[in-house]
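Notes follow once the structure below has been shown.
Laboratory data are not the source of any read-out in this text; all were calculated from the coordinates shown. Here the structure is a predicted model, which is why all the values come from computation and not from measurement. Positions of Cβ are backbone-derived with ideal geometry, glycine not excepted, and every protein chain shown enters the neighbour counts.
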Amino acid sequence: RNQVPKRLLYALWIVVLVKLLLPGTLLSLPVLPAQSQAAPTQTATAAQTEKPATQQPTSTQPTPQQPLPQPAARANAAAWNPTLVFQTVWAVGSGALTVWMALTWVSFNLRLRRTRRKMVQWGSVSIYVSTAAKAPCLAGFLPAVYLTEDAARSKEIELIVQHELTHLRHLDFLWSACGTLAVIAYWWNPLVWIAAVCAKRDAELACDET
């Protein structure tokens, strides 16, 4: 931690993010209907179509018929299918978390826009002061810098602005969006939540180092 550059530590999180977002990683979990029944069905069909080499004498004894499964029994078996239960819980959790995060993000950005006042234009980036900001940050579809009242009056305002602009140059808002997708997909895994917090901390340290 004290010898490796902070930007390298932050960049290593890309490996974790790529692994989590690879289709094979999530789909290896039982989030899709199982297809393990296809092979036995095809084998049984092929066995029925093959004709025996020699004709065996027909037995005159009646063959006892196997009882057919009742519809209620099949419905109960499907209702208690562990894979189906996992799919349902995962989909409900991911959907609820998506809605909550989206509403939180939209609400925060609306509060910033209602309370902001433009301070200066720094190249192509607008810098605002907003009472809704709890700390200096990047926000918006087209990222802009938002400062608190205290930060706007601070003697270190230039360093604060440079810190936020470094976030913009590092494309941290895009990595944050990808990390949010990973958290939504793996909401049931506490290690993914911890990884998101640690990655955000390393993003801040990398900007400070720069």
Report task. Pull up the cross-link candidates among the aspartates and glutamates for residue 200, meaning alpha carbon to alpha carbon under 17 Å and not fewer than 8 places away within one chain. Result -> 164, 172, 208, 209
Report summary line: Taking placed amide H atoms and a strict 5 Å upper bound, the residues 5 or more places from residue 139 or on another chain that come that close are 144, 146
**Report entry** Label point distance in nm, residue 125-residue 156, each placed 7 Å from Cα along Cα→Cβ
**Finding:** 1.7 nm
Report task. Along Cα→Cβ, 7 Å out, is where each label goes; now give me the distance between the ones at residue 191 and residue 114 in nm to one decimal. Result -> 4.2 nm
